[in-house]
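The numbers here are math on the coordinates, done by the rules we state, and not lab data. These figures come from a predicted structure and were not determined experimentally. As a convention, Cβ positions derive from the backbone with ideal geometry for all residues, glycine included, and neighbour counts pool all protein chains shown.
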Amino acid sequence: MNVIIIFILHGLVYAGLLFLVSSGLTLVFGMMNVLNFAHASFYMLAAYFSYSLLKWTGNFWLCLLICPFLLFVIGALIERFLLRKVHVLGHLHELLLTFGIAFIISEMVKWIWGTAPLPIQVGGFLDGNVTILGIIYPTYRFFVLFCSIMIGLLMSYLLLKTRMGITVRSAVDDSEMVNALGVNTPRLFMFVFALGAALSGLAGVIAGPLLSINIGMATAILVDAFVVIVIGGFGSLIGAVVASLMIGQIQSFGALLFPKISLALIYLLMAIVLITKPSGLFGEKK
């Protein structure tokens, strides 16, 4: 019984991390209709930033504040000077551009930090353990789960209950009308893209102590993040939550029960969803 609880918790923690990554991807696609192939590279870059900043300051909480802000600035600059120029040309040009950005980030990381994995320790109470239902479980894993829940609630409130969220959703449906009402839609979309980059940055900082920092972490999370938004439905926040929970548990119990085909189970689920509901579980038909 204890083993089952531990694997459920493992699945929930990975689902939380996966949601943190895919939520930014979902936000950018849902609000801007942009497929950002460099999203996972932002996640990796923030992890490396946090390694250096933690080494200099010894303060993990400072990393949680500064690194997402740095990715927010980087995302805003990329949208303003690069992505905006090719957005009107369609998804193919966006994919080519963001793939190039991802490649540049990867090579830059190798040049600055090297290719060896970098372990990271947060220190303080997060390095401890918590006893729950008679099971000793790392405190940091609960922290990851807590952060994902808080970000999910904050994004829901921001998009559904605030004036800015209503304006963004309106701009997606009819940007010309919103622009005619005095809203600077290019600046609004720049903010959305930068916010998506910041969310990936937050996920990267949080992932460092959990998974260790390495040059392949972007590729590893990118595939699962795209599977999440395909299964959940492109642009659906609730879909990202549900799909992340499903994939987290499949990853966890698949490794326990079917270690040789655990990865195939995720793609099997995606195939079933695409066959039965091509728009995803919570996606809207176009």
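Some notes on this structure:
- Cα-centre dipole for the stretch 135-286 with unit charges at Cβ (Lys and Arg positive, Asp and Glu negative), debye to 20: 160
- The label-point distance for residue 150 and residue 88, in a model that sets each label 7 Å from Cα toward Cβ, rounds to 4.2 nm.
- Per residue, the convex hull volume that the Cα atoms of the stretch 135-286 enclose (Å³): 138
- Remark on the stretch 1-69: hydrodynamic radius 14.2 angstrom, per the Kirkwood mean of 1/r across alpha carbon pairs.
- Two-site FRET efficiency, residue 112 against residue 177, from Cβ-Cβ distance with R₀ of 35 Å, rounded to 0.05: 0.20
- Computed from the C-beta positions of residue 219 and residue 258, the FRET efficiency with R₀ = 25 Å rounds to 0.65.
- Label-to-label distance for residue 104 and residue 139 is 4.1 nm, based on points extended 7 Å past Cα in the beta-carbon direction.
- Magnitude of the charge dipole for the chain, about its Cα centre and with charges confined to Cβ atoms of Lys, Arg (+1) and Asp, Glu (-1), is about 80 debye.
- Translational D in µm²/s for the chain (Stokes-Einstein at 4 °C, 1.567 mPa s, Kirkwood Rh from C-alpha pairs): 66
- GNM result for the chain, Cα springs below 10 Å: residue of 213, 261, 231 fluctuating most strongly: 261
- Diffusion coefficient, µm² s⁻¹, Stokes-Einstein with Kirkwood Rh over alpha-carbon pairs of the stretch 180-256 at 10 °C and 1.306 mPa s: 109
- The fraction of all Cα pairs in the stretch 35-166 landing in successive 10 Å bins from 0 to the largest distance is 10, 28, 34, 21, 6, 1, given as whole percents.
- Note: the stretch 94-140, Cα convex hull, 140 Å³ per residue.
- Given their separation in residues at 0.36 nm each and the Cα-Cα distance between them, residue 56 and residue 33 gain 4.4 nm when the chain is fully extended.
- Computed from Cα atoms, the angle from the helix 2-32 axis to the main principal axis of the chain rounds to 10 degrees.
- For the stretch 126-206, fraction of C-alpha pairs farther apart than 16 Å, in %: 64
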